[in-house]
Amino acid sequence: MFGLTGQAGAALRAPLLAAGWQVEAVSRQAHDDGDGVRWNVAALPDCALVAEPFDAVVSLGPLDAFAEAVATHGLKAPRVVAIGSTGVHSKADSPDPAERDLAARLAQAERRLRGALAGRTALALLRPTLVYGHGLDRSLTPLVDFARRRGWLVLPRTARGLRQPVHVDDIAAAVLACLAAPAPVDADIDLPGGETLAFDAMVARALERHAPRARIGRVPAWLFRIGLALAGRRLPPSVSAPGFLGRLNRDQVFDAGPAQRLLGRPMRPFDP
C-alpha cells in the first residue's frame, strides 16, 4: 500500500485491519512493524515492491508517481485501487495555468496507469472531490485555522460556486468496498460528497462548527484580489494560489450515482 501515512491512509488503516487484511506499506520514513502492517522504506516511483504478487495494490498518494512505478516495474496483483481527483475534469479549463497543468498531468497519469495494466489487472480509479475530515485536509482546515487565529475571514461575493465536499471516511469506505467486491472493480468512479452547497455556505458551516467566534466578511472580487496580492505568502497555499479566486464562482458538481452503488448507500452530507 502506498500513502498509508496520508489523510486517506489515516482513515483507512483501522477499518482495513479490522477487515482482516495484512498490509505491506511503503513510506519514505522508517516505521515500526505491528498491528498487521509491515513497513518498507522506499519512495515512488523507484519502488520495485509494486511488482510483487499481492492480492491487491492500493495507491492513496500521487497518481503520477504510482503510474510511473507500475509502468517501470510492472504489477502482478489482480486488482488495483488508486486515488485520483475530480480535478482532472474541474481544472482542465481553469484560468490558472498551474491548475490546467495539474489536470493534464492527472489525465496523463490515468492513461499511463491503464496502459501499463493493459487489461490484465482490474483498476478501480476513485476520484474524490474536495476532501475534508479529521482536520488533515489542505482546503478547509487552513481557512478554519486562519479564521480561528484572526477572528475573521474574508471571501469575495462571487464565492458561490457549487461544491460537494467528501468526507475522508467515505473515501476509505469506497476503497474497502473495492477490495471486498467479489469481482474486481474495473471502473473510473467519481466520489462527490452527499450534499451540494455553495462555496461560501460550505466555509460558513465549517466556521460555525470550529471557529464560532469568527466572522465572515464579503467583499467585491476586485477588492479581494487586491487583498490576496497584499497578503502574499502569509496566506495558506490553497488561498494564495493564482487560481483560487477564479475557482470560487465555478461549479464543481459530479454524479454521485456510481459511488452510491459502490457503497450501497448515499455519501454522507457535509458535516465538518
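Readers should treat all values here as calculations from the given coordinates under stated rules, not as data from a laboratory. Keep in mind that what you see is a predicted model, and the values were worked out from it rather than measured. A quick note on method: Cβ atoms are made from the backbone with ideal geometry, for glycine too, and the neighbour counts reach across all protein chains shown.
Computed quantities for the displayed model
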| item | result |
| --- | --- |
| Antiparallel content of DSSP bridges confined to the chain, in %, to 5 | 15 percent |
| Charge tally in the Cβ shell below 15 Å around Leu126, where Lys, Arg are +1 and Asp, Glu are -1, Leu126 excluded | -3 |
| Net charge of Cβ neighbours under 15 Å - reference Gly246; Lys, Arg +1; Asp, Glu -1 | +3 |
| Label-point gap, in nm, between Asp186 and Leu17 - each point 7 angstrom along Cα→Cβ | 3.4 nm |
| His134, His73 arranged by Cβ crowding within 10 Å, fewest neighbours leading | His134, His73 |
| Around Pro53: net Lys/Arg minus Asp/Glu count, Cβ-Cβ under 12 Å | -2 |
| Estimated [θ] at 222 nm from DSSP helical runs (n ≥ 4, -39500 (n - 2.57)) normalised by residues in the chain, nearest 500 | -12000 deg cm²/dmol |
| Residue-wise HN-Hα coupling along segment 20-35, computed from phi with Karplus coefficients 6.51, -1.76, 1.60 (Hz; x: Gly, Pro) | x, 6, 9, 10, 9, 10, 10, 8, 6, 9, 6, 9, 6, 5, x, 6 |
| Exposure proxy order (Cβ contacts within 10 Å, fewest to most) of Cys47, Cys178 | Cys47, Cys178 |
| Nearest-20 debye value, the chain charge dipole, Cβ charges on Lys, Arg, Asp, Glu | 1180 debye |
| Inter-part distance where segment 130-170 and segment 252-272 are each reduced to a Cα centre, Å | 19 Å |
| Simple label model, 7 Å out from Cα along Cβ direction - Glu52 to Arg120, nm | 1.9 nm |
| Span from the segment 212-233 Cα centroid across to the segment 36-87 one, whole angstrom | 41 Å |
| Using alpha carbons only: equivalent-ellipsoid semi-axes of the chain, gyration tensor based, whole Å | 34, 19, 18 |
| Under the span-like rule (Cα at least 27 Å along the axis, Kyte-Doolittle mean at least -1.0), DSSP H helices of the chain | 97-117 |
| Inter-label distance for His89 and Asp145, nm, one decimal - labels placed 7 Å from Cα along Cα-to-Cβ | 3.1 nm |
